[in-house]
Amino acid sequence: LWGEGPTLKISFAEYSDGKSRFVVTAQQMTELLSDLFGVEANVVNYSPESIVLRYTNRPGKKIPVVADADLSANFQYVLNGKVVLGPDSVVVYSDMLTLESINSVSTERLVAKELKDTLRTKLALSRLEGVRFIPDSVSIMAPVEPLVQKLSLVQVVPINVPEGMRLITFPSLVKASYFIPISCYDSVNKYKLTATVDYSDIHVGQRTLPLRIDRAPDIMRNVTLTTDSVEFIVERL
C-alpha cells in the first residue's frame, strides 16, 4: 500500500524434484517470506500458502482442434459451409504418457440457435489436468446466409422401364420450386435436380403417373414440384 511491492525470487533448481514437479511447501514459503521481509517482520497472512506446479522439458505435440458446437440457423437462413477454426491445431505439453494418449482436443461447448448472420466468436479449449495447450483458445466462424426462392425447369426421367419398352411423358420438363443460399443463386444450374416417374406405377386404365423428386442437392431446401403428375404413353421398341 505504501510503496512498490517486493519480489520474491524462488530458485527453480532448488525446489524442482527433477521429475516434472516444482513444489514449495507452506513451511518453506513462510521461511522465504521471513527472509524477504527480515526477522523483525511478522507475516500475518499470505496467499497462496504453497506452490505446486507441474512442468515438462519434453517437446510439444501438435494435435487438431475439434469444435464442440450445436449450431442452427433461423428457418429463413442456412448454415452454408464448414465451421472454420483458427487455428485448427494447437501444441500440447505434458508428460510422455499423457502426450501419447491425446490425439485431439475439443473446444468448450457452444450452443447457438436461430442464427441470422455469420457467427464469429472465440472459444477456450477444454481443460485437462496436467496439460497445457498453446494457444489455449481458438476463433470459430460459422457461415450463415439468407435463403432465397428459385424456380427451375427439371427433366422428367422414367425409371424401372423394362427392356424393349419406352416410357414417354407429357410434359418432359416440369417446374420445381426450392430455396437456396443467396450466394448460390447464379450458379444453381450446375447442381442437377430431376423428377422421376416409375414404370411400375402404371395400372390398367391409368392416364397419369405420379412425379417424385429424385435426391436433391444438399444446397436446395423444401423442393416442391408445381405439378404432382404427368400424362404418359408406352411404346414397344
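The values are calculated or read from the model by the stated rules, or taken from the named source; none is laboratory data. Here the structure is a predicted model, which means the values were calculated and not measured. Cβ sites come from the backbone with ideal geometry, for glycine too, and all protein chains shown count toward neighbours. In case anyone asks, the SASA skips ligands and DNA or RNA and just uses the protein heavy atoms, side chains included. Shrake-Rupley method; radii C 1.70, N 1.55, O 1.52, S 1.80 Å.
Suppose a student asked you for the relative contact order of the chain, using Cα pairs under 8 Å spaced at least 6 residues apart; what percent would you report?
This gives 15 percent for the chain.
Grab the DSSP H runs of the chain that are 4 residues or longer, score each as -39,500 (n - 2.57), total them, divide by all residues and round the 222 nm result to the nearest 500 deg cm²/dmol.
Estimated from H runs of four or more residues: -2500 deg cm²/dmol.
Quick check: residue separation of residue 127 and residue 177 times 0.36 nm, minus the Cα distance between them. What number comes out in nm?
The residue 127-residue 177 span can extend by a further 13.2 nm.
Please return the longest range in the chain lying between exposed loop sites, taking GluC sites (Glu not before Pro), DSSP loop only, at most 13 other beta-carbon atoms within 10 Å, and leaving the sites out.
In short, 164-237.
Can I get the semi-axes of segment 100-142's equivalent ellipsoid? Compute them from the C-alpha gyration tensor as square roots of 5 times the eigenvalues, in angstrom, largest first.
26, 10, 8
Would you kindly calculate the mean projected area, averaged across all directions, of the convex hull enclosing the Cα atoms of the chain, in square nanometres?
On the way: hull surface 96.2 nm².
Taking the Cα atoms of the chain, their convex hull projects to 24.0 nm² on average.
List the residues, sorted by chain then number, that are 5 or more residues from residue 119 or on another chain and whose placed amide H is less than 5 Å from its amide H.
Long-range HN contacts for residue 119: 142, 144.
Translational diffusion coefficient, Stokes-Einstein: compute it for segment 195-237 using the Kirkwood radius over C-alpha pairs as Rh, at 20 °C and 1.002 mPa s, and state it as an integer in µm² s⁻¹.
Working: Rh = 12.1 Å.
The Stokes-Einstein estimate is 177 µm²/s.
Roll a 1.4 Å probe over the protein chains and send me the accessible area per residue for segment 173-223 in Å². List each step's numbers first, then the result.
Numbers: 3190 Å² over 51 residues.
Per-residue value: 63 Å².
Counting residues in segment 159-237 as N, plug N into 2.2 N^0.38 Å and put the Cα Rg over that result.
1.29
So what J values fall out for segment 128-141 if you push phi through Karplus, 6.51 cos²θ - 1.76 cosθ + 1.60 with θ = phi - 60°, rounded to Hz, Gly and Pro as x?
10, 4, x, 10, 10, 10, 10, x, 9, 8, 9, 8, 9, 9
Where the accessible area of the chain is counted over protein heavy atoms with a 1.4 Å probe, how much of it, in %, is carbon and sulfur? Working shown, then result.
Values: 8170 of 16120 Å².
Looking at the chain in its full context, I get 51 percent from C and S.
Calculate, for residue 227 and residue 74, the FRET efficiency according to 1/(1 + (r/R0)^6) with r their C-beta to C-beta distance and R0 35 Å; round to the nearest 0.05.
FRET efficiency, residue 227 to residue 74: 0.70.
Using 0.36 nm per residue of separation minus the Cα-Cα distance, give me the extension gain between residue 83 and residue 203 in nm, one decimal. Display every interim value, and only then the final one.
Working: separation 120, 0.36 × 120 = 43.20 nm, distance 4.95 nm.
Between residue 83 and residue 203, full extension yields 38.2 nm more.
Using 1/(1 + (r/R0)^6) with R0 = 41 angstrom and r between the beta carbons of residue 190 and residue 96, what's the FRET efficiency to the nearest 0.05?
On the way: r = 51 Å, r/R0 = 1.25.
That gives a FRET efficiency of 0.20.
Provide the per residue accessible area, probe 1.4 Å, for segment 1-160, rounded to a whole number of square angstrom.
On a per-residue basis, 69 Å².
Would you mind checking the pairs 82/116; 82/192; 62/113; 82/150; 19/62 and listing those with alpha carbons more than 26 angstrom apart?
62/113, as the Cα separations exceed 26 Å there.
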